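Visitor: Here you go, one structure.
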There are 4 protein chains.
Amino acid sequence: MSIGVIYGSTRENGNTEWLTEQAISGVPVEKFYLREFHILPIKDERHTVGGFQEVSDDYKQLVGKIMKHDVLIFATPVYWYSMSGTMKLFIDRWSQTLRDKDFPNFREELAKKSAYVIAVGGDKPTIKALPMIQQFQYICDFFGMALEGYIIGKASKPGEIRGDAKAIASANQMRITLLRCLEK
Amino acid sequence: MSIGVIYGSTRENGNTEWLTEQAISGVPVEKFYLREFHILPIKDERHTVGGFQEVSDDYKQLVGKIMKHDVLIFATPVYWYSMSGTMKLFIDRWSQTLRDKDFPNFREELAKKSAYVIAVGGDKPTIKALPMIQQFQYICDFFGMALEGYIIGKASKPGEIRGDAKAIASANQMRITLLRCLEK
Amino acid sequence: MSIGVIYGSTRENGNTEWLTEQAISGVPVEKFYLREFHILPIKDERHTVGGFQEVSDDYKQLVGKIMKHDVLIFATPVYWYSMSGTMKLFIDRWSQTLRDKDFPNFREELAKKSAYVIAVGGDKPTIKALPMIQQFQYICDFFGMALEGYIIGKASKPGEIRGDAKAIASANQMRITLLRCLEK
Amino acid sequence: MSIGVIYGSTRENGNTEWLTEQAISGVPVEKFYLREFHILPIKDERHTVGGFQEVSDDYKQLVGKIMKHDVLIFATPVYWYSMSGTMKLFIDRWSQTLRDKDFPNFREELAKKSAYVIAVGGDKPTIKALPMIQQFQYICDFFGMALEGYIIGKASKPGEIRGDAKAIASANQMRITLLRCLEK
């Protein structure tokens with residue numbers, strides 16, 4: 001049982017990362033900072049003769065590494081009430097991987113995984129980030145992947161998340177769950 | 001009174017564009033195909049000394065052109081239950097424009113505009129694209145911009161949207177509204 | 001193939017009823033005005049020894065009549081951003097019917113039906129009634145019933161719905177669908 | 001500063017009440033069990049000559065008592081993905097109180113209050129009860145009342161809520177917030 005954390009922030013050591021650290025403190029994980037990779041927007045070639053063309057960026061190698069994990073934690077700041085564009089670019093490309101002969105069981109493999117979402121926003125996120133949570137649920141449903149939980153923190157300025165006792169308590173709960181998960 | 005249409009599709013002449021054409025047939029508009037522009041993901045430098053740095057891509061010139069219009073139509077395919085990454089990259093950058101001295105009244109200018117959303121998806125979009133509509137509403141609320149209406153079409157394969165009589169009827173209604181709007 | 005319309009309004013000839021009339025004009029339906037029936041709030045006795053007790057009101061006879069139809073149209077005003085309490089009382093009682101030996105196949109029977117929702121509200125309903133639509137979808141999902149469509153109209157004062165061209169166009173579309181449905 | 005708890009359950013000592021007890025343990029509150037009151041469905045007489053007629057049930061006296069509190073906690077089981085019909089009947093009647101000369105400042109008074117929601121459901125409530133949370137937010141927005149927080153617990157059988165460590169941790173956090181609130 002292994003855990004991969006996918007970070008969608010564009011700022012280092014931001015609030016989302018800090019909150020995520022609370023949830024994975026003492027938990028062995030592999031971290032993927034999407035901002036360190038070059039990922040191009042998907043080009044919809046589902047209906048093109050020849051299908052999707054190989055894209056020369058870091059996506060394919062990255063998704064290969066991520067797929068080795070059993071549990072995926074999506075850690076994203078809330079940008080304009082949804083996941084960051086950086087995170088969205090990554091997820092959009094799944095449409096290509098679904099048709100990539102190098103990932104013949106992409107859907108089936110994802111169906112076996114569990115997912116968590118950790119998100120931090122500045123504008124009433126416990127309400128206004130709920131549509132984003134519903135979208136992550138729909139994504140998980142598509143693959144039959146279990147969305148095991150989510151945390152929504154409130155912060156805007158650097159460090160502000162440290163004052164969100166509620167989110168921190170939830171992160172502690174998630175940490176306990178993850179540790180228990182690893183024992184299995 | 002003038003209208004700008006912002007296309008988030010990555011495929012030419014796709015279902016989203018076809019449905020949008022129904023809504024703007026005979027309506028003078030300026031069209032912006034985001035896929036034809038080079039737009040980088042935002043780098044969150046809100047809290048960096050010196051603030052946001054100039055980015056060398058097409059975004060700034062593009063947003064300048066779009067801001068000249070009174071009505072904005074956001075036409076996006078539904079990718080993974082939300083707007084396309086291409087569209088999201090564009091909107092994420094608004095956080096930078098909000099702090100750009102070359103756009104000193106960005107918020108106030110958007111507050112005077114009206115917005116429409118036209119979206120086409122393949123997986124139960126009239127239900128599963130509703131979180132995306134709620135997000136567009138939150139975005140509009142942030143600026144005080146009026147979200148005047150939206151259409152959700154259902155289609156996956158090329159041309160399939162032509163069979164969605166309900167969406168086409170809604171597009172016709174939107175067309176009447178837009179024409180009336182221009183008479184003012 | 002037969003159609004039942006379940007009205008949740010408490011006012012006669014209100015906006016919700018008028019909009020629904022557009023959708024069923026010329027369509028043979030049986031109408032159920034919930035306000036004309038005495039329906040008590042459910043008493044949760046799922047976990048009580050002996051289970052649910054017989055309730056002396058009109059519910060059981062009413063649900064029996066409604067279940068004879070293949071298509072159910074739920075027509076409700078939007079009260080406080082969700083279905084009317086009158087409609088909610090009716091639906092809450094389904095938990096009892098699910099355990100009623102006189103309805104041994106309640107779930108299976110509902111799974112074969114199609115549902116439509118017609119709702120009219122006064123406060124930005126095309127946005128603020130969306131959570132209610134999502135709830136109807138969850139209800140339908142529970143039973144495996146297909147939510148085939150919904151219309152959200154905007155009106156507050158008596159007669160005001162006549163000015164909602166968009167909702168009326170959607171009602172006409174629903175009417176065509178219902179008529180086609182009956183031909184099968 | 002005083003706190004009123006409004007219970008929408010129809011079963012005594014159920015999961016919703018147990019979870020709420022965690023949040024108010026040691027906190028002085030007044031409790032209102034809606035099931036103990038006779039509350040009729042609203043009859044929409046907003047547009048009737050003479051307006052709303054006096055209704056002979058317990059509602060008016062009850063709402064008068066509840067309005068004396070500064071903080072309102074809405075504790076409801078999730079029935080069919082929204083608040084219980086019992087809770088909905090109560091809230092629907094607010095439309096009448098808004099026009100009741102005995103409550104000339106109903107809206108202004110509610111604008112000064114804070115609200116919390118505690119809800120327990122059996123079917124994936126942390127996702128499927130989110131539309132209900134959005135509805136409570138819209139209700140609060142209507143009055144300008146602050147929705148300060150919410151907890152969603154998962155339980156179906158009696159006592160099952162005791163196993164929801166996440167919800168219990170959130171209830172403890174809410175308890176700390178409420179106690180701090182009372183000190184003001």
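Visitor: Quick one: which residue in A:89, A:62 is more than 12 Å from chain B (Cβ to nearest Cβ), hydrophobic (A, V, I, L, M, F, W, C) and either surrounded by 18 or more Cβ atoms within 10 Å (Cβ to Cβ) or within 16 Å of the chain's Cα centre (by Cα) (or both)?
Guide: A:62
Visitor: Can you confirm whether residue D:68 is away from every other protein chain (no Cβ under 13 Å), touching a Gly at 6+ places or on another chain (Cβ under 9 Å), open to solvent by 60 Å² or more (accessible area, probe 1.4 Å) and closer than 20 Å to residue D:171 by Cα?
Guide: It is false that residue D:68 is away from every other protein chain (no Cβ under 13 Å), touching a Gly at 6+ places or on another chain (Cβ under 9 Å), open to solvent by 60 Å² or more (accessible area, probe 1.4 Å) and closer than 20 Å to residue D:171 by Cα.
Visitor: Please find, within region A:103-114, the residue that is surrounded by the fewest Cβ atoms within 10 Å (Cβ to Cβ) out of those that are closer than 15 Å to residue A:65 by Cα and among the charged types (D, E, K, R).
Guide: Among those residues, the one meeting the criterion is A:109.
Visitor: Sort out which residues of region D:1-20 are at pLDDT 95 or above and either touching a Lys or Arg at 6+ places or on another chain (Cβ under 6 Å) or aliphatic (A, V, I, L, M) (or both), and write them in order of number.
Guide: D:3, D:5, D:6, D:19
Visitor: OK, next. Which is at negative phi, in contact with a Lys or Arg (Cβ under 6 Å, 6 or more places away or on another chain), more than 9 Å from chain A (Cβ to nearest Cβ) and surrounded by 15 or more Cβ atoms within 10 Å (Cβ to Cβ), of B:100, B:164?
Guide: Being at negative phi, in contact with a Lys or Arg (Cβ under 6 Å, 6 or more places away or on another chain), more than 9 Å from chain A (Cβ to nearest Cβ) and surrounded by 15 or more Cβ atoms within 10 Å (Cβ to Cβ) holds for just one of B:100, B:164, which is B:164.
Visitor: Specify which of the listed residues (D:117, D:55) is touching a residue at least 24 places away in the same chain (Cβ under 8 Å) and open to solvent by less than 20 Å² (accessible area, probe 1.4 Å).
Guide: D:117
Visitor: Something else: Looking at region D:85-144, what helices (runs of 4 or more DSSP H) fall wholly within it and have at least 1 residues that are of a type in the set (Val, Ile, Thr) and in contact with a Pro (Cβ under 9 Å, 6 or more places away or on another chain)?
Guide: D:85-92, D:130-143
Visitor: Mind checking which pairs have a first residue in region A:134-155 that is free of Cβ contacts under 8 Å to residues at least 12 places away in the same chain and a second that is part of a loop (DSSP other than H, G, I, E, B) and buried (at least 20 other Cβ atoms within 10 Å of the Cβ), Cβ under 7 Å, 6 or more apart or different chains?
Guide: Every condition considered, the pairs that remain are A:138/B:81.
Visitor: Okay, moving on. Being free of Cβ contacts under 8 Å to residues at least 60 places away in the same chain and of a type in the set (A, V, I, L, M, F, W, C) is the filter here; which residues of region A:87-114 pass it?
Guide: Across region A:87-114, the qualifying residues are A:89, A:91, A:94, A:98, A:103, A:106, A:110, A:111.
Visitor: Now a separate question. Provide a single number: the residues in region A:39-61 that are in a loop (DSSP other than H, G, I, E, B) and aromatic (Phe, Trp, Tyr).
Guide: The total comes to 1.
Visitor: In region A:23-52, which residues are of a type in the set (Phe, Trp, Tyr) and open to solvent by 70 Å² or more (accessible area, probe 1.4 Å)?
Guide: Matches in region A:23-52: none.
Visitor: In region B:171-184, what count of residues is obtained for those that are in contact (Cβ under 8 Å) with a residue 60 or more places away in the chain and in contact with a Gly (Cβ under 9 Å, 6 or more places away or on another chain)?
Guide: Qualifying residue count for the region: 4.
Visitor: Of the residues in region C:29-50, how many are over 29 Å from residue D:93 (Cβ atoms) and within 13 Å of another protein chain (Cβ to nearest Cβ)?
Guide: Residues flagged as over 29 Å from residue D:93 (Cβ atoms) and within 13 Å of another protein chain (Cβ to nearest Cβ) within region C:29-50 amount to 2.
Visitor: Follow-up. Taking residue A:22 as the residue in question, decide whether it is away from every other protein chain (no Cβ under 14 Å) and not basic (Lys, Arg).
Guide: Taking the combined requirement at face value, the residue does not satisfy it.
Visitor: Would you check which residues across region A:62-81 are part of a loop (DSSP other than H, G, I, E, B) and either basic (Lys, Arg) or in contact (Cβ under 8 Å) with a residue 60 or more places away in the chain (or both) and list them?
Guide: Result: A:68, A:69, A:70.
Visitor: Residue check, residue C:172 against (1) outside any loop (DSSP other than H, G, I, E, B); (2) within 13 Å of chain D (Cβ to nearest Cβ), all met but one. Which one?
Guide: (2)
Visitor: A further question on this structure: Based on what the data block shows, is residue A:26 at pLDDT below 95 and more than 30 Å from residue B:94 (Cβ to Cβ)?
Guide: No; evaluated as a whole, the condition is false for this residue.
Visitor: Answer yes or no as to whether residue C:131 is closer than 27 Å to residue B:131 by Cα and in contact (Cβ under 8 Å) with a residue 24 or more places away in the chain.
Guide: Spelling it out, residue C:131 is indeed closer than 27 Å to residue B:131 by Cα and in contact (Cβ under 8 Å) with a residue 24 or more places away in the chain.
Visitor: How many of the residues making up region A:133-144 are closer than 29 Å to residue D:148 by Cβ and at the interface with chain B (Cβ under 7 Å from one of its Cβ atoms)?
Guide: Taking region A:133-144 and keeping what is closer than 29 Å to residue D:148 by Cβ, we get A:133-138.
Pick out the ones that are also at the interface with chain B (Cβ under 7 Å from one of its Cβ atoms) and you get A:134-135, A:138.
The total comes to 3.
Visitor: Follow-up question, since we're still on this one. Regarding residue C:26, is this residue in contact (Cβ under 8 Å) with a residue 12 or more places away in the chain, at positive phi and not charged (D, E, K, R)?
Guide: Yes; evaluated as a whole, the condition is true for this residue.
Visitor: Mind listing whichever residues of region A:128-161 are open to solvent by 10 Å² or more (accessible area, probe 1.4 Å) and among the β-branched types (Val, Ile, Thr)?
Guide: A:152
The values are calculated or read from the model by the stated rules, or taken from the named source; none is laboratory data. Since the structure is predicted, the reported quantities are computational estimates derived from the model, not experimental observations. Cβ: placed from backbone, ideal geometry, glycine included. Neighbour counts: every protein chain shown. Ligands, DNA and RNA are excluded from the accessible area calculation, which covers all protein heavy atoms including side chains. Shrake-Rupley method; radii C 1.70, N 1.55, O 1.52, S 1.80 Å.
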